[in-house]
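Where a number appears in this text, it was derived from the coordinates with a stated rule and is not lab data. Bear in mind that the values here come from a model prediction, so they are computed numbers and not experimental data. Reconstructed Cβ throughout: ideal geometry from the backbone, glycine too, with neighbour counts over all protein chains shown.
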Amino acid sequence: MKCLMSWSGGKDSALALYRCINDHNHNIVGLVTTINSSTNRVSMHGVALDVLKYQADAIGIPLHVITLPEKCSMDEYESIMGAFMSRMKQDGVEGVVFGDIFLEDIRKYRERQLEGIGITPIFPLWGLASAEVASQFLDNHFKSIITCVDSDLLDESFVGQFYTSAYIEKLPGGVDPCGENGEFHSFVTAGPIFQKPIEVKVISKIRKEYPNPQGGNPKTFWFADIAASK
């Protein structure tokens, strides 16, 4: 099956890609990522586009970049993504792979969006315990750096570190070991999907505020601004 990989550059995407490559039933022909037009970065992960391209080159799979407006409404998002996926369907793409683990509402949303286009959503990690996903990631010698943390749950010291067993052990109770609830995000630098590992360095740590979708006080996050260390 000819497939695209929904790509954030993070660990869950990387493990899902690895599982698809290994099952030999999915031909991954491209990585698909969305970029904020004002920052030129991956939303929430905070990774700059040039670093993401550096990563994709090291993996050896073409990167498709979809640029979204700074303040993108849901209608705009669905229109832009729908048009892109329709073009991909015409090019013979049959499936899109996602790294979601257990968030049912997100899975149902993805299924609804692709159903009308005729593309099959694929969830290689679905139903696995987060601890098992983390173990598989580390046991397969992947390496990733934490690029964003929710400051309501994790302090500045948790961002800019590498994701290891020791890191997971330090996480406070209630924080998912994969950050599946948005507690933290990562960027993968090495592993079996790479033709060659990449090196990155932390330039700075930045605290940012965002409107709270539930209302009330703004949400704050710590970001590690990373750059390619070539």
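Some observations on this one:
- Counted over segment 2-228, the DSSP beta bridges are approximately 60% antiparallel.
- Alpha carbon centroid spacing (whole Å) that separates segment 14-83 from segment 170-201: 16 Å
- Here the sum of -39500 (n - 2.57) over DSSP H runs of 4 or more residues, divided by the residues of the chain, equals -9000 deg cm²/dmol at 222 nm, to the nearest 500.
- Positive minus negative residues near ILE168 (Lys, Arg vs Asp, Glu; Cβ under 12 Å): -1
- Efficiency of FRET from Cβ geometry, ALA129 and GLU78, R₀ 30 Å, rounded to 0.05: 0.45
- Potential extension, LEU171-ASN27 segment - 0.36 nm per residue separation minus Cα distance: 48.2 nm
- The eigenvalues of the Cα gyration tensor, multiplied by 5 and square-rooted, give segment 2-228 an equivalent ellipsoid with semi-axes of 26, 21, 18 Å from largest to smallest.
- Highest average packing first - 12-20, 55-63, Cβ atoms within 10 Å: 12-20, 55-63
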